[in-house]
Amino acid sequence: MTSVVATNQTILVVGGGISGMTAALEAAETGKQVVLVEKNPYLGGRTVQLYRYFPKMCHPTCGLEINLRRLKANPRIQVLTLAEVTGISGDKGAYSVSVKLKPRYVNSNCTACGECGKAVQTEIADEFNYNLGKIKAAYLPSNMAYPQRYVIDPSIIGTPDAERAKAACKYDAVNLDDREETISLNAGAIVWATGWQPYAAEKIVYYGYDRFPNVITNVEFERLADPHGPTGGKILRPSDGKEAKNVAFIQCAGSRDENHLRHCSRFCCMGSLKQTHYVQEAYGDEGKSTIYYIDIRAIDRFEDFYQKVKANPNVTFVKSKVARITEDKAGNPVCNGVNTEGYIRYANAHDLVVLAVGMEPSVKGVQIPAEVMSDSSGFIMADPANAGIFGAGCATNALDVNRAVQSATAAALRAIQVVNKVARAEA
Amino acid sequence: MAETKTAAYICKGCEIGTRLDTAALVKTATKSGKMNIVREHDFLCSAEGVAMIQNDIDNEGVTHAALCACSRRAKTEAFNFPTIAMSRGNLREGVIWIRPDTDAARETTQEMAEDYVRMACAEVKAMTVPPGNQKTGTVKTLLVVGGGMSGMTSALEASKAGYKVVLVEKSAALGGWAAKLHKRVPTREPFKSPEDNGVADMVARIEADSNIKAYLNATIAKTDGAPGRFKVDIAIESGAIAQEDVGAIIQATGFTLYDANKLPEFAYGKTPNVVDQAGLEALAKAAAAEGKPIRRPSDGQPVKSVVFVQCAGQRDATGKHLQYCSGFCCNTSIKQAMYFKDSNPDIDTVVLFTDLRTPGNGEDFYRAAQNKGVIFSKGVVSQVVPSGNACTVKFKDLILNEDTEAQADLVVLATGVVPNSGVNIDAPVAAPAAAPAEAAEGEVAGEVIATIAPESILNLTYRQGPDMPQFKHGFTDSHFICFPYETRRTGIYTAGPVRRPMDILQAQEDATGAAMKAIQAMENAGLGKAAHPRAGDLSFPTVRLEGCTQCKRCTVECPFGAIDEDEKRFPLFNESRCRRCGTCMGACPVRVISFENYSVNTVGSQIKSVEVPDEFSEKPRILILACENDAYPALDMAGMNRNEYDPFVRVIPIRCLGSVNTIWITDALNGGYDGVMLMGCKHGEEYQCHFVKGSELGRYRLSKVGDTLKGMNLETERVHDLEVAITDIATLPQKINDYAALIKSFPPSPFKGF
Amino acid sequence: MSDLNQEMAARYKNNFLKEIEEQAEMGEWVKMCMQCGLCSGSCPTNFHSGWDHPPQEIFMLIRAGKREEVLNAQGMYMCTSCYNCYVRCPRKVPVTHVMHGIAEYAYRIGRAPKNQPTMHLSKTFWTNATKHGRVNEVQLTQSLYFKDGIGAGIKKAMEMQKEALGLVKAGRLNPMEALGMGHKCKDVKGIHAMLAKAEELEAKNKAAKA
């Protein structure tokens, strides 16, 4: 049984992406006891799956390294991975929370030596790379995975492969008898930071994401550009592995659309502007990008970044929401639509189309097992009645990384306000 | 003081035992490492292995331990012995994982491992456990400068967490920009109509809050001290000075609207019927007070048509006006158009924009405005021509692709914001009034930033200037995406639109986050702990003053302004301003600055401990000093991916390139090393150095090493500076190998064997 | 008819948007368009042959008060009611209906061009269908073929000969329909009564609105 030390002065942070990690670290570095719960087998969330950040074009793992070091150095944070909050009862200052822990089949003896991975034969879809590749069923999710411990996929449990993994481990780290368990813990305040998920692109039927192999999403494009992604950082199109030198970016794929996401997802304009750099980085002047947009929302100082991309002769801007994608005989996706600036009809063939899909909360307000207020998109809204559950990061709004971290820092203080009150009452 | 007892532990797990001759490593630790206790273990990070070490600490009195196993980044939960000094010899990621498992490689791999054992032993012997600085300030009152929405929010939120707050506002009333608003943009579902500006409620809460002491008509005359013990002089209305002791500071000084007088083409000032967004708020407030519709300033007739000109003087690529977008003005214009539509749907309201920017639920607000009949046209306004009581707005309609015009009783210019960020301490000192064209610093050249008199806001007594360092366009933002609150002045945070253009809702969120950081800074200052990024670090630089030559390099170079000069002109360390990067240590030419666990000696003794083979052996030695934040993890991950590199390198992690003292380089070269490679983070405008200026200063120092090399009759290429990102997992080994090949093309160092 | 045009122009002086909002069915949706162009690009007829003004541009022209340009436009008559634009519009504007509303309004005030083919089709279709209770395909085809004169009609009929014979062979076309025979609706009278009631209700609604 997993044991967790938690009291009514403990802050529970749900979600171990950059927002959850930030909230946990800020609270712990202020002297508070924190339990951090993460659904994945590793921390870092979606930021780790990004190749670079706008506008600095720096690497997300750089900040993650610092955050992990802060975490390793801080005894006040207890991390639970493969864990999901299934129930919350009680009131602020005295919550009782149930957490379901999925088996990892690998215990803390693991040294990440990699022998189990070598021994196992089964391959499974690589979720970290948005299923663009395959990995062994005993795996370390990424180079930066924390806990730095292998995971055995449940699909091989009960098969000879699992036994092979166990036999390969010299450290008795493979525990095939690991079982799902539910634990309960106390918390005075809860920070809900379950982040976002990319909008399901296949729902935008006229873009044919599920019909055309060369129509992909912005999050998938990040993996293609990443040297540690499935193509080794080469921007190759899925259908035939051809170099994708002529790339289209379709903005508001799902966002600002009452048939899909009502809200503007905020980050996608900057995301695509950033991704034009990837094309340029890969193919120099041969790399051409076209951005189809309604409004370019490069808000505040990001305007600089937009102006620089705009000045790049290899990037074309078309003010138009692409109406549909077709495929030509060569397997090129063709964007059809009307440039509304002056009414110009177009049917442009590209090597690859990237849908700038929007952001929706990965756990919508109604799915949160507690009473929280949420808006029509399912993002958590601040509660004027001020309960002890606070949203942080993209669970509260469509935010970029910078703003998500701000939000998480604010959420940490709100949680501290509650546990400080508990502390004063208990003193 | 407890007697020093040293121990080395050699792990045999993860194939270390099969790939290396660990018995020889034990011998190395005993003989050259001179460790009191040396033990091997099959699986050091196991419960038994950890218990063995703990037992030695508890029962053998071990005070210093060199753990020769995996990387210092791995198995940190197992190897957690906070009471002793500890070093990690990286035999796994640093040796066996980056070397091929072949007979040919065995000898050099073993030599590599033996050196890492020697280095771990040498390092730990030079370390002590930091006791934590005792001279800490423990004041836990927060100072908030600026009483607008951001400042009030910071004050209230800090108070709610149980902290006392001193709030200083320059004007006669709290509320700032928000108080000037008739209403604010909606913050809640259904995001359809303007809301009450919320100021009165907040002011009432502040007045009723016994934790908050507010000074109105007051400014900061002087800020002295450090987190946990700031002494602040507040100039109050009477001319007197009030003194407050505070532990941390939030600067929430807001913004000033960009001056519409600089936009003569839009007729501002030529007719009262052209106003900026503040002007419209004033008209709306006055009208609401009288219970009448908004009236045209020129003749007092009710306004029947309004045109909103977005991005007036903003997003300007010519360099004449603001280059950035102010972020909130689209929503503000939508709100202002609703002032008209909500009172009388027959009033024509047209918003002329190029990109309408209503992120998040702003999209609902945009839709609501359309539903209320506000007309949105994508167009670029060229001119506003007043005639009588009306104006003609000339613009190019980008959708219909034609030059056209609109008539309006009132024209509202969305002019954007200029931050009230005080003195730009990084600006060239010479001639502030000189032609801006001469500023000539990259893209800032020619940009009109502030038109506000550069009066200091904080009046810091810091050697590095009286205000917060500015980022782009005069905002005091952080440069870090992952760490938005990281400023270069520990314990002082900026919040709200002075930091970055933002709307009220964001400003309140920002102000809450800033309060969090400020509270954290006060708490940690009291415990002698460092702030980000070495959060919790208890190590602290000490100066051997008798050796100091008062050259001031440490005070000048400290990226965080932590060091002042005392009355005798010696460096005066303000403990809680320090971020423990070691830049001062790197800068010191006489090497009198050191940390308990990181010093010229901890690194120097490692360099000297490496066995340098003679010149006939064809085994060069290359020293790599790798930044622990990005380069060292990249090397680790290269190991995890089994990306091999040259066996002649010896890697030492450093806190920052800025901490590199050139003595390490000259010692290495004098000791017969054939080359020195330095790995640090990107510097310059898009710097990635976690200590802001560390890598830049380190590189500057390195640029001078060439002369030393020439003086030693060595090729200047023997010292190589490499910019490394954490993702250079595959490329870094290649670069190491290329460099090693270059070194091998040179004759062996003539200093071997001395 | 043209008097109504002038009357409306005078009534809504300088406010064509308001005129459309009040007079054209679904005209109140015009203001909701955000000019993304999805409708224009989704339209199969626009995409292949190109209207003078596609929907999104017509909406912009209305908002810009360009009454003459809109009323002279061909675009709104070109719609084939495929509803691509309607189902895709991110603002949920019922573009198809708005276009029909504008076309109908232009027709009502006498601004629809004479012999506008789609308008002719819909009128003919309506008359044909309501008369028989179901469409008499042969008669409908004839009236379309011969709309521009006998010569043009014969020419068109000759062109389509093959298709027509094929349909007859497959039992999909009854040549006797030309004589008003062939398929019939079971209760024509009932349908006429329903249509009369519908017209009565619509008139009532319109009166109530005005």
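Helix B:731-745: angle to the longest alpha-carbon principal axis of chain B, degrees 0 to 90, nearest 10?
So the helix axis and the longest Cα principal axis differ by about 50 degrees.
I'd like the mean, over residues of A:288-296, of how many other protein chain beta carbons sit within 10 Å of each residue's own Cβ.
3
Per the Kirkwood treatment, what hydrodynamic radius in Å, one decimal, follows for the protein assembly as shown from the mean inverse distance over all distinct Cα pairs?
35.0 Å
Are any of the pairs B:LYS262/B:LYS320; B:LYS270/B:LYS292; A:LYS203/A:LYS321; A:LYS421/B:LYS140 more than 20 Å apart by Cα-Cα distance, and if so, which?
Checking Cα-Cα distances, B:LYS270/B:LYS292 exceed 20 Å.
Once R0 is set to 51 Å, what does the formula 1/(1 + (r/R0)^6) return for the Cβ-Cβ distance between C:GLN74 and A:GLU123, expressed as a FRET efficiency to the nearest 0.05?
0.30
Over chain C, with a Gaussian network built from C-alpha contacts below 10 Å, which listed residue (C:MET76, C:MET176, C:MET26) shows the highest mean-square fluctuation?
It is C:MET176.
For the pair A and C, how large is the buried accessible area, both sides, in square angstrom to the nearest 100, if the probe is 1.4 Å?
Roughly 1800 Å².
Rounded if a/c is under 1.5, else prolate if a/b beats b/c, else oblate: with a ≥ b ≥ c from the C-alpha gyration tensor eigenvalues square-rooted, which is chain A?
oblate
Taking the 0 to 90 degree range and rounding to the nearest ten, how far is the long axis of helix B:103-125 tilted relative to the main principal axis of chain B, both from C-alpha atoms?
70 degrees
Most mobile of C:VAL30, C:VAL135, C:VAL188 per a Gaussian network model of chain C (Cα springs, under 10 Å)?
Evaluated over chain C, the most mobile residue of the options is C:VAL188.
May I ask for the distance between the Cα centers of segment B:150-164 and segment B:493-518, given as a whole number of Å?
12 Å
Ignoring any ligand, DNA or RNA, what whole percent of the accessible area of segment B:542-587 comes from carbon and sulfur when the probe is 1.4 angstrom?
50 percent
Rounded, prolate or oblate, given the Cα gyration tensor of segment B:612-754, with a/c below 1.5 counting as rounded?
Judged from the Cα gyration tensor, segment B:612-754 comes out oblate (a/c at least 1.5, b/c at or above a/b).
Going down the table (A:LYS56/B:LYS472; B:LYS27/B:LYS619; B:LYS5/B:LYS608), which pairs top 18 Å between alpha carbons?
B:LYS27/B:LYS619; B:LYS5/B:LYS608
Using only Cα atoms, locate the centre of segment A:347-365 and the centre of segment A:252-302, then give the distance between them in Å, rounded to an integer.
Each part reduced to its Cα centre gives a spacing of 9 Å.
In debye to the nearest 20, how big a dipole does the protein assembly as shown give about its Cα centre with +1 on each Lys and Arg Cβ and -1 on each Asp and Glu Cβ?
1940 debye
Using the basic label-point model (7 angstrom from Cα toward the beta carbon), what is the B:ARG642 to A:GLU202 distance in nanometres?
Here the answer is 3.6 nm between the modelled labels.
Using helices alone, I'd like the mean residue ellipticity at 222 nm for the protein assembly as shown: each DSSP H run of four-plus residues gives -39500 (n - 2.57), total over residue count, nearest 500.
-9500 deg cm²/dmol
Just name one of B:ILE241, B:ILE98, A:VAL279: the one whose Cα is farthest towards the positive end of the charge dipole of the protein assembly as shown (beta-carbon charges, Lys/Arg +1, Asp/Glu -1).
With unit charges placed on the Cβ atoms, the residue in question is A:VAL279.
Over the heavy atoms of B:LEU742, what accessible area does a 1.4 Å probe trace out, to the nearest 10 Å²?
70 Å²
By a straight-distance test (C-alpha under 18 Å), which lysines pair with C:LYS123 as possible cross-link partners, with residues fewer than eight away in the same chain excluded?
Partners within reach: C:LYS114, C:LYS131, C:LYS147.
Counting partner chain Cβ atoms within 10 Å of every residue's Cβ in A:397-405, what's the average?
Mean partner shielding for this stretch: 5.
Cα-Cα over 29 Å: which of A:LYS274/B:LYS160; B:LYS517/B:LYS704; B:LYS192/C:LYS92; B:LYS192/C:LYS18; A:LYS39/A:LYS245; A:LYS134/B:LYS12?
As for pairs spanning more than 29 Å Cα to Cα, those are A:LYS274/B:LYS160; B:LYS517/B:LYS704; A:LYS39/A:LYS245; A:LYS134/B:LYS12.
Rounded to a whole number, what % of the accessible area of chain A do carbon and sulfur atoms account for, probe 1.4 Å?
The value for chain A is 49 percent carbon and sulfur by accessible area.
Put a dot 7 Å past each Cα toward the Cβ at B:VAL590 and B:CYS551; how far apart are the dots in nm?
1.0 nm
Among all cysteines in chain A, which have no other cysteine Cβ under 4.7 Å from their own Cβ?
A:CYS58, A:CYS62, A:CYS110, A:CYS116, A:CYS169, A:CYS252, A:CYS264, A:CYS268, A:CYS269, A:CYS335, A:CYS394
On a 0 to 90 degree scale, rounded to 10, what angle separates helix B:600-609 from the longest Cα axis of chain B?
40 degrees
Taking H placed 1.01 Å from N in the peptide plane, check which residues at least 5 places from A:LYS321 or on another chain put their amide H under 5 Å from its amide H.
So A:LYS321 has HN proximity to C:GLY37, C:LEU38.
Residue by residue through segment A:374-385, which ³J(HN,Hα) values in whole Hz follow from phi under the Karplus form 6.51 cos²θ - 1.76 cosθ + 1.60 (θ = phi - 60°), with glycine and proline marked x?
9, 8, 5, 8, x, 6, 5, 9, 4, 9, x, 6
Over the whole of A:68-75, what's the average partner chain Cβ count within 10 Å per residue? Rounded to a whole number, please.
Taking all residues of A:68-75 together, the mean is 5.
Would you kindly derive the ³J(HN,Hα) couplings of segment C:25-33 from the backbone phi angles with the Karplus curve 6.51 cos²θ - 1.76 cosθ + 1.60 (θ = phi - 60°), listing them in order in whole Hz, with x for Gly and Pro?
My calculation for segment C:25-33 gives 4, 6, x, 5, 7, 4, 5, 7, 5 Hz in order.
Excluding residues on the same chain fewer than 8 positions from B:LYS396, give the lysines whose Cα lies under 18 Å from its Cα.
By straight Cα distance, B:LYS396 reaches A:LYS319, B:LYS378, C:LYS66.
From the square roots a ≥ b ≥ c of the eigenvalues of the alpha-carbon gyration tensor of segment A:199-359, which class results: rounded (a/c under 1.5), prolate (a/b over b/c), or oblate?
Cα axes put segment A:199-359 in the rounded bin.
Along the positive direction of the dipole of chain B (beta-carbon charges: Lys, Arg +1; Asp, Glu -1; about the Cα centre), which of B:PRO82, B:GLY327, B:PHE751 reaches farthest?
Towards the positive end, the residue furthest out is B:PRO82.
How large is ³J(HN,Hα) for each residue in segment A:107-117, as worked out from phi by the Karplus curve 6.51 cos²θ - 1.76 cosθ + 1.60 (θ = phi - 60°), to whole Hz, x for Gly and Pro?
Those phi angles translate into 9, 6, 5, 4, 10, 6, 6, x, 5, 5, x Hz.
Taking the Cα centre of chain B as origin and charging only Cβ (+1 Lys, Arg; -1 Asp, Glu), how large is the dipole, in debye to the nearest 20?
The calculation lands at about 900 debye.
Could you give the size of the charge dipole of segment A:115-168 about its Cα centre, using +1 on the Cβ of each K and R and -1 on the Cβ of each D and E, expressed in debye and rounded to the nearest 20?
With Lys and Arg at +1 and Asp and Glu at -1, about 140 debye.
Rounded to the nearest Å, what's the spacing between the alpha carbon centres of segment B:355-430 and segment C:79-103? Just the number, please.
So the two Cα centres are separated by 30 Å.
Set the Förster radius R0 to 51 Å, insert the Cβ-Cβ distance between C:LYS114 and B:GLU189 as r into 1/(1 + (r/R0)^6), and round the FRET efficiency to 0.05.
0.45
How high is the relative contact order of segment C:117-209, in percent, counting Cα pairs under 8 Å that sit 6 or more residues apart?
Averaging sequence separation for qualifying contacts and normalising by length gives 31 percent for segment C:117-209.
Could you list which residues have their amide H under 5 Å from that of B:LEU572, counting only those 5 or more apart in sequence or on another chain, with H placed in the peptide plane?
It is B:ASP564, B:GLU565, B:ASP566, by chain and number.
At 1.4 Å probe radius, can you tell me the per residue accessible area of the protein assembly as shown in Å²?
Accessible surface, normalised per residue, equals 38 Å².
Defining a contact as two alpha carbons under 8 Å apart and six or more residues distant in sequence, what relative contact order in percent does chain C show?
18 percent
Computed FRET efficiency, Cβ-Cβ of C:LEU167 and A:ALA349, R0 30 Å: what is it to the nearest 0.05?
0.20
Out of residues 5 or more away from B:SER87 or on other chains, whose amide H comes under 5 Å of its own, with H placed 1.01 Å from N in the peptide plane?
Placed amide hydrogens put B:ALA65, B:ALA66, B:LEU67 under 5 Å from B:SER87.
The values are calculated or read from the model by the stated rules, or taken from the named source; none is laboratory data. Every value quoted in this text rests on a predicted model; they were computed, and no experiment measured them. For neighbour counting, all protein chains shown are included, and Cβ atoms are generated from backbone atoms with ideal geometry for every residue, glycine included. Surface areas here come from the heavy atoms of the whole protein model, side chains and all, with no ligands, DNA or RNA. Shrake-Rupley method; radii C 1.70, N 1.55, O 1.52, S 1.80 Å.
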